[in-house]
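Colleague: I am attaching a structure below and will ask some questions about it afterwards.
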């Protein structure tokens, strides 16, 4: 490394040698600076099965092999979270959330740190949402899941769960009885009738962690969509254009309500058209209002735009289950967060800064 200043006793010969060295160094650097790096190419990939949905990945890489490597790393990362947060299936050599539920009231369960991190976020989500997002509502959600599955399998015999059964289950949804020991690395459900369901937060949280991981691995311009939970980072193409993301029209028809231009943002929607079944001609979806213990009926769809995909996931569920004025106040209190509400009947309402995100 060259000195920051020269000695006053330095000889003229020394100065000439140094200047010559600098000149030669400049000649070596100039061709490299003048030569442009190869343009990255757009690639797309997808796979099925994780979080019970389709994962789509779009991004720019130097070649197909490089992109394929990124896709595989994303898949591996998401698969790890999928297994850890699964409440229905066991996996060899792993304690997951099903293990935690099975051991409710019996003993603490030693778990992977990624489970503890999610559940700590879930506590914050419950407080932020005023209880609208409560991972301890598994006992209630399990009943709805069973009736929905039966109704989908046999539509003619579809029926609603008895309210008495739902209220009994709701007595076992106190999240304060989810005991987390960070030092020991354990989770214990103190209520033996309690169970966890992380469906309102797990997918978004996993997408966010996968996006952060793959960016650190060198995939800096891409977009990950897991069942419509979208996380965009970097830009598309050498022109550094923001990503173009459409907000789906809940009425269908393949049209978008709005088209956004975004980078380093997440877009997450919740709606009554995603998971539902029909009883006596009425659709009953999967987002349950913890106050009524019935599917929330304020909106057809809520979309959240924010930086963190996990936050977007929980907010879209929370806003769906609360009145518009209350939801708007919550969104306006969170910097960098915008939302779109589609009311029953088709009326659309937006947060104050939403229009700035629209594609011109």
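Colleague: Do we have residue 312 as on the phi > 0 side of the Ramachandran plot, touching a residue at least 40 places away in the same chain (Cβ under 8 Å) and not in a strand (DSSP E or B) here?
Modeller: no
Colleague: Say we look at the stretch 53-85 and pick out the residues that are part of a loop (DSSP other than H, G, I, E, B) and more than 14 Å from residue 40 (Cβ to Cβ); which of these is modelled with the highest pLDDT? Walk me through how you get there before you give the answer.
Modeller: The initial filter retains those residues of the stretch 53-85 that are part of a loop (DSSP other than H, G, I, E, B), namely 53, 62-63, 85.
With the extra rule that they be more than 14 Å from residue 40 (Cβ to Cβ), the set shrinks to 53, 85.
On the way: 53: 93, 85: 98.
Selected residue: 85.
Colleague: Specify which of the listed residues (308, 264, 280, 289) is surrounded by 13 or more Cβ atoms within 10 Å (Cβ to Cβ) and over 20 Å from the mean Cα position of the chain (by Cα). It would help to see each step written out before you state the result.
Modeller: On the way: 308 fails: over 20 Å from the mean Cα position of the chain (by Cα); 264 fails: over 20 Å from the mean Cα position of the chain (by Cα); 280 fails: surrounded by 13 or more Cβ atoms within 10 Å (Cβ to Cβ).
Just one listed residue meets the conditions, 289.
Colleague: Taking the conditions exactly as written (within 24 Å of residue 238 (Cβ to Cβ) and either modelled with pLDDT of 50 or more or surrounded by 13 or more Cβ atoms within 10 Å (Cβ to Cβ) (or both)), does residue 47 satisfy them or not?
Modeller: Working: within 24 Å of residue 238 (Cβ to Cβ): no; either modelled with pLDDT of 50 or more or surrounded by 13 or more Cβ atoms within 10 Å (Cβ to Cβ) (or both): yes.
No.
Colleague: Moving to a separate point now. Could you please find all residues in the stretch 222-244 being part of a loop (DSSP other than H, G, I, E, B) and either touching a helix residue (DSSP H, G or I) at 6+ places or on another chain (Cβ under 9 Å) or closer than 26 Å to residue 52 by Cα (or both)? Please lay out each step first, then the result.
Modeller: Let us first name the residues in the stretch 222-244 that are part of a loop (DSSP other than H, G, I, E, B), namely 227-228, 234-235, 237-240, 242.
Matches in the stretch 222-244: 227, 228, 234.
Colleague: Please return the ranges of helices (runs of 4 or more DSSP H) entirely within the stretch 125-218 where 1 or more residues are under 25 Å from the mean Cα position of the chain (by Cα) and surrounded by fewer than 22 Cβ atoms within 10 Å (Cβ to Cβ). Spell out how you get there, then give the answer.
Modeller: Working: elements: 138-153, 163-170, 202-216.
Because the criterion is at least 1 residues that are under 25 Å from the mean Cα position of the chain (by Cα) and surrounded by fewer than 22 Cβ atoms within 10 Å (Cβ to Cβ), the helices (runs of 4 or more DSSP H) in the stretch 125-218 that meet it are 138-153, 202-216.
Per-residue answers, yes or no, for (1) surrounded by fewer than 17 Cβ atoms within 10 Å (Cβ to Cβ); (2) part of a helix (DSSP H, G or I); (3) at pLDDT 95 or above:
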residue	(1), (2), (3)
318	no, yes, yes
326	yes, yes, yes
341	no, no, yes
355	yes, yes, no
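The values are calculated or read from the model by the stated rules, or taken from the named source; none is laboratory data. These figures come from a predicted structure and were not determined experimentally. Cβ sites come from the backbone with ideal geometry, for glycine too, and all protein chains shown count toward neighbours.
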